[in-house]
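First up is the structure itself, then whatever we jot down about it.
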Amino acid sequence: MKYTSMKHPFTLILLFAVCCLSSSFTLVIDAGHGGRDAGAVGAYSKEKDINLAVALAFGRMVKDSCSDVKIIYTRSTDVFIPLQERANIANRAKADLFISIHTNASPKGGVARGVETYTLGMHRAADNLAVAKRENSVIKFEKDYEQKYEGFDPNSAESYIIFEIMQDTYMKQSVELAKCIQNQYVSHGRPNRGVHQAGFLVLRQVGMPSVLTELGFISTPADEDFLNSDAGRSTMAESIYKGFCRYRNLTSPKNEQQK
């Protein structure tokens with residue numbers, strides 16, 4: 001991927017500068033689905049492949065510009081990783097940030113476009129619950145998932161009651177990160193579906209600020225074509241990268257002390 005195609009090289013240079021802070025930082029990049037779990041399926045492509053391509057491109061941008069950041073991928077190839085293990089990878093590394101990359105899909109017959117980013121929390125809208133149910137259904141690929149996830153049923157609304165009473169220690173930082181990423185998507189011209197909260201199991205398990213971002217709708221031809229193009233994947237990776245750098249700048253110890 002070449003960065004010369006970016007519209008605002010001077011702005012990107014400034015982002016490189018603010019991204020490369022002095023203290024060490026561990027970032028976990030989670031490409032959703034993989035292996036036998038294809039995720040959402042479009043007319044000619046699979047979510048797992050889009051997620052991985054954008055995750056790796058995002059990671060390369062961070063590696064090239066932020067020497068202080070240690071990057072850990074939950075997967076870097078087409079393999080199946082259980083949700084709990086994705087969280088374990090981040091927790092064992094004592095990571096500072098967890099970004100999970102996904103691609104959305106509409107119910108049959110529905111047409112939707114655009115990007116949205118989620119933090120862990122209460123699903124106040126039926127659409128948010130529907131997205132959480134779809135992403136959490138991956139646990140059915142895991143053996144003995146009922147025991148592993150303590151009876152959690154991804155298709156039962158009752159199972160999500162726990163998210164109504166959970167206090168997320170990292171909510172403020174997670175929302176800030178989600179806003180930073182979402183703002184960058186919009187600045188690149190992507191239709192804005194906003195920042196939301198919902199009960200994602202993978203976010204529930206990690207002990208750090210975290211978001212789950214949906215790149216677009218694979219079920220909508222225009223979005224599917226965009227996310228399967230080199231330019232589209234570069235745009236999405238760059239948006240997440242710039243959002244990550246903006247978040248680090250806003251939450252740096254120096255800025256926190258000035259508040």
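From largest accessible area down, sort Ser76, Ser137, Ser100; use a 1.4 Å probe on the protein chains.
Working: Ser76 70, Ser137 40, Ser100 0 Å².
Result, largest first: Ser76, Ser137, Ser100.
Report ³J(HN,Hα) in whole Hz for each residue of the stretch 92-104, in order, from the Karplus equation J = 6.51 cos²θ - 1.76 cosθ + 1.60 where θ = phi - 60°; Gly and Pro get x.
So the Karplus estimates, Gly and Pro as x, are 4, 7, 6, 5, 8, 7, 10, 10, 9, 10, 9, 10, 7 Hz.
With +1 assigned to the C-beta of every Lys and Arg and -1 to the C-beta of every Asp and Glu, and no other charges, what is the dipole magnitude of the stretch 178-235 about the Cα centre in debye, to the nearest 20? Mind dumping the intermediate values first?
Values: 5 positive and 5 negative charges, 66 e Å.
Using only the charged Cβ atoms, the result is roughly 320 debye.
Whole-Hz Karplus ³J(HN,Hα) for the stretch 59-64, in order, using 6.51 cos²θ - 1.76 cosθ + 1.60 and θ = phi - 60°, x for Gly and Pro?
Those phi angles translate into x, 5, 5, 5, 4, 6 Hz.
Long-range amide H contacts for Arg75: which residues qualify at under 5 Å (H placed 1.01 Å from N, peptide plane, sequence gap of 5 or more or a different chain)?
Under 5 Å from the amide H of Arg75: Ala31.
Could you list the trypsin sites (Lys or Arg not before Pro) in the stretch 79-124 that lie in coil according to DSSP, counting only those with at most 14 other Cβ atoms within 10 Å of their Cβ?
Taking the stretch 79-124 and a limit of 14 other Cβ atoms within 10 Å, the loop trypsin sites (Lys or Arg not before Pro) found are Lys94, Lys108, Arg124.
Considering only protein heavy atoms and a probe of 1.4 Å, how much of the accessible area of the stretch 16-98 is carbon and sulfur, as a whole percent? Walk me through the numbers on the way to the answer.
Working: 1790 of 3390 Å².
Heavy-atom surface of the stretch 16-98 belonging to carbon and sulfur, 1.4 Å probe: 53 percent.
Check which residues have an amide H placed less than 5 Å from Thr103's amide H, if you skip close sequence neighbours.
For Thr103, whose amide H was placed from the backbone, the distant partners under 5 Å are Leu215.
Give a residue-ordered list of calculated ³J(HN,Hα) values for the stretch 220-228 (Karplus: 6.51 cos²θ - 1.76 cosθ + 1.60, θ = phi - 60°; whole Hz; x for Gly, Pro).
9, x, 5, 5, 4, 4, 4, 6, 9
I need the chymotrypsin sites (Phe, Trp or Tyr not before Pro) found in the stretch 35-125, filtered to DSSP loop residues with at most 14 other beta carbons within 10 Å of theirs.
For chymotrypsin sites (Phe, Trp or Tyr not before Pro) across the stretch 35-125 that sit outside H, G, I, E and B with at most 14 neighbouring Cβ atoms in 10 Å, the list reads Tyr44.
Which three lengths, in whole Å and largest first, does the stretch 49-88 cover when its Cα atoms are put on their principal axes?
30, 23, 10
To the nearest Å, what is the center-to-center distance of the stretch 200-228 and the stretch 235-250, using C-alpha atoms only?
A separation of 15 Å, based on Cα centres.
The values are calculated or read from the model by the stated rules, or taken from the named source; none is laboratory data. Please read these numbers as outputs of a predicted model, since none were measured by experiment. Neighbour counts are summed over all protein chains in view; Cβ atoms, including those assigned to glycine, are modelled from backbone coordinates with ideal geometry. Ligands, DNA and RNA are stripped out before the accessible areas are found, and what is left, the full protein with its side chains, is counted by its heavy atoms. Shrake-Rupley method; radii C 1.70, N 1.55, O 1.52, S 1.80 Å.
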